[in-house]
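Working notes, structure below.
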Amino acid sequence: MQNKSMEVVISGISGRFPMSDNLDEFWENLVNGKDMISDEHDRFSNLGMKFPTRMGVLNSLDKFDAEFFSTPESQVNMMSPKLRILQETTFEAIIDAGILPASLQGSNTGVYVGASLDETGSILARSGQMKNVYGVLGNEFCMLASRLSYTFNLNGPSIALDTACSASSVALQQGLQAIQTGLCDAVIVSGGNTKVDPYSCRMFFTANMTSPEGKCKTFDSSANGFVRSEAVISTYICKRQGAKRAYATLLHAATNCDGYKKLGIHFPSAMFQEKLARQVYEGIGLDPLQVDYIEAHGTGTQVGDREEMTAISKVFCEGRKGPLLVGSVKSNMGHAEQTSGLCGITKLVLSHCTGILPANLHYCVSNPEIPSLVDGRVQVVDTNRPFNAKYCAINSMGFGGVNSHVLLKFDEDHQEEENPWNPSIPLVILGSGRTEEAVNDFLKRALSHHENQHFVKLIHELSKGSIEKNPFRGYVVTTADRTEMVVEKNEAKQSVWFICTGFGGQWPGMSRDNVLVGISAVQIGLIDLLKSIGVEPDGIIGYSVGEFIACYADECVTQAQ
């Protein structure tokens with residue numbers, strides 16, 4: 001095992017999930033057994049095509065703070081929804097790690113994004129709207145990573161990876177390797193999946209991959225396919241030595257490919273899944289029997305479930321005392337395809353933070369084609385139960401044959417011990433936001449965790465700097481018997497410039513017989529009017545005749561001159 005300080009950890013995480021705008025809502029849905037799949041959505045019309053209408057959809061795809069991310073409207077309107085949301089979740093993941101995004105500018109931070117079907121680009125192309133460079137900048141796979149590097153000014157490798165349903169896990173493996181080899185100091189690992197094109201839904205259904213009833217009945221005897229789902233997730237990953245927060249340790253991650261198969265490229269291979277898992281544990285010298293829980297790929301297809309469980313049983317069950325616990329978040333939220341690996345990791349991180357392992361949904365009768373389920377060597381978690389696992393594995397398989405296996409380690413104390421809060425000493429928590437409501441909400445939420453001194457310390461670290469374009473500031477002061485909250489707008493002075501035009505600034509036909517005098521007179525009059533009401537410029541610029549007017553505005557010449 002490697003030196004603890006050199007371990008790589010998940011330090012920040014954020015995401016959007018079906019019916020869930022954040023991790024808190026996602027967790028509430030998981031722990032309460034909410035089926036996050038629904039046919040009550042307006043994502044698209046099926047245009048008379050036959051496919052299941054039940055899907056896992058994000059609450060909103062049309063909201064984006066373009067000003068905050070300095071994105072022109074013409075570009076935003078041609079940008080894939082997942083790319084817009086990836087910028088939001090990346091910002092939030094960095095903040096969650098206790099780091100000001102501005103402090104990463106110019107750093108050797110890499111970006112690795114799991115990507116696959118580009119549904120927005122397909123729609124724009126079919127409708128004839130892909131007519132300018134913004135369509136390319138907003139929808140090309142490479143832009144899923146390049147845009148994040150651009151937005152946050154990160155100078156490490158910037159790579160979008162497409163291995164279908166294992167893409168985000170392979171991106172994680174590549175990011176982990178980049179840190180371990182010294183290629184990067186830290187990495188953003190993300191995945192995004194949004195469903196906006198009915199043609200892709202029809203394609204999966206006609207290939208007999210999706211469930212007609214819209215349920216992922218993972219490992220159940222009635223399993224008949226998966227249900228498509230949306231999710232966008234970002235993580236911030238770095239060495240433990242420099243981390244301000246550590247949710248989980250990334251012990252190892254590896255990937256391989258099935259290669260040629262007689263039954264076809266999309267047929268899963270238990271043999272290569274088994275080979276990959278053994279490679280992971282042999283590589284770090286850990287007995288697979290020490291793994292407490294496996295978050296399976298578990299899409300709910302008969303063949304996929306059988307092949308995966310065959311490999312799991314051979315690697316993790318031989319010689320094990322008691323059943324191996326398995327589950328799949330796809331039963332709760334559907335199959336987020338290229339983002340599914342990060343969905344499973346998010347579930348485990350939240351399970352560790354809360355001490356609860358949420359139940360699989362739609363599991364009633366064990367699949368008789370999976371012997372280890374029937375004889376009890378493997379047990380599907382079908383009720384909420386305490387989570388105290390140390391080692392957890394995550395499986396991801398792409399339908400082109402690319403497999404991924406990730407191993408996480410959870411420490412008993414996932415945060416550093418801090419001195420308990422002394423109620424007799426006033427506690428101050430600072431916050432900022434885009435709106436007054438945002439700051440109020442943040443301070444109220446932060447106040448509810450005021451006894452968690454590690455959390456408060458992270459907020460204090462963030463408060464040492466400022467977040468550009470957050471105009472509202474606030475603070476809350478609390479003691480054992482009194483709390484006071486103040487929020488106000490930071491009225492920063494706006495720059496005022498006088499821009500003096502030359503020929504061509506007039507309406508067609510205006511002052512046709514006397515253009516020079518007309519342009520000069522109008523601008524001199526405007527300058528005198530503005531100065532008479534107290535408007536003084538911070539800067540002045542002019543071109544052509546406007547250069548002389550700029551001299552007048554700067555009081556270098558008089559009207560007569």
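Here are a few things to note about the model shown:
- ASP39, sole failed condition from (1) farther than 16 Å from ASP62 by Cα; (2) open to solvent by less than 30 Å² (accessible area, probe 1.4 Å): (2)
- The listed residues are ASP292, ASP258, ASP305, and the only one of them that is in contact (Cβ under 8 Å) with a residue 40 or more places away in the chain, of a type in the set (D, E, K, R) and touching a Cys at 6+ places or on another chain (Cβ under 7 Å) turns out to be ASP292.
- Residue tally, condition touching a strand residue (DSSP E or B) at 6+ places or on another chain (Cβ under 7 Å) and at pLDDT below 85, over the stretch 487-508: 1
- Matching residues, the stretch 53-76, being in contact with a strand residue (DSSP E or B) (Cβ under 7 Å, 6 or more places away or on another chain) and outside any loop (DSSP other than H, G, I, E, B): MET55, GLY56
For every residue, the table says whether it meets (1) in a loop (DSSP other than H, G, I, E, B); (2) closer than 19 Å to SER328 by Cβ.
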residue: SER11; (1), (2): no, no
residue: GLY15; (1), (2): no, yes
residue: TRP27; (1), (2): no, yes
residue: LEU30; (1), (2): no, yes
residue: GLY33; (1), (2): yes, yes
residue: GLU40; (1), (2): yes, no
residue: PHE51; (1), (2): yes, no
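- The residue list GLY110, GLY106, GLY98 contains one member that is open to solvent by 20 Å² or more (accessible area, probe 1.4 Å), of a type in the set (Gly, Ala, Ser) and more than 21 Å from THR194 (Cβ to Cβ), which is GLY106.
- Any hit, the stretch 336-354, residues being closer than 23 Å to GLY398 by Cβ, open to solvent by 20 Å² or more (accessible area, probe 1.4 Å), assigned to a helix (DSSP H, G or I) and not aliphatic (A, V, I, L, M): no
- Of the residues MET271, MET309, the single one that is more than 20 Å from the chain's Cα centre (by Cα), assigned to a helix (DSSP H, G or I) and closer than 30 Å to GLY33 by Cβ is MET309.
- The residue pairs whose first member lies in the stretch 460-472 and is under 22 Å from HIS450 (Cβ atoms) and hydrophobic (A, V, I, L, M, F, W, C), whose second member is part of a loop (DSSP other than H, G, I, E, B) and open to solvent by 40 Å² or more (accessible area, probe 1.4 Å), and whose beta carbons are closer than 8 Å, counting only pairs six or more residues apart or on different chains, are PHE472/ARG434; PHE472/THR435; PHE472/ASN490.
- Here GLN174, GLN180 are screened, and the one residue that is modelled with pLDDT of 95 or more, farther than 23 Å from SER116 by Cβ and buried (at least 16 other Cβ atoms within 10 Å of the Cβ) is GLN180.
The values are calculated or read from the model by the stated rules, or taken from the named source; none is laboratory data. Since the model is a prediction, treat every value here as computed from it, not as a measurement. Positions of Cβ are generated from backbone atoms using ideal geometry, with glycine treated the same way; all protein chains shown enter the neighbour counts. Note: areas computed on protein heavy atoms with side chains; ligands, DNA, RNA excluded. Shrake-Rupley method; radii C 1.70, N 1.55, O 1.52, S 1.80 Å.
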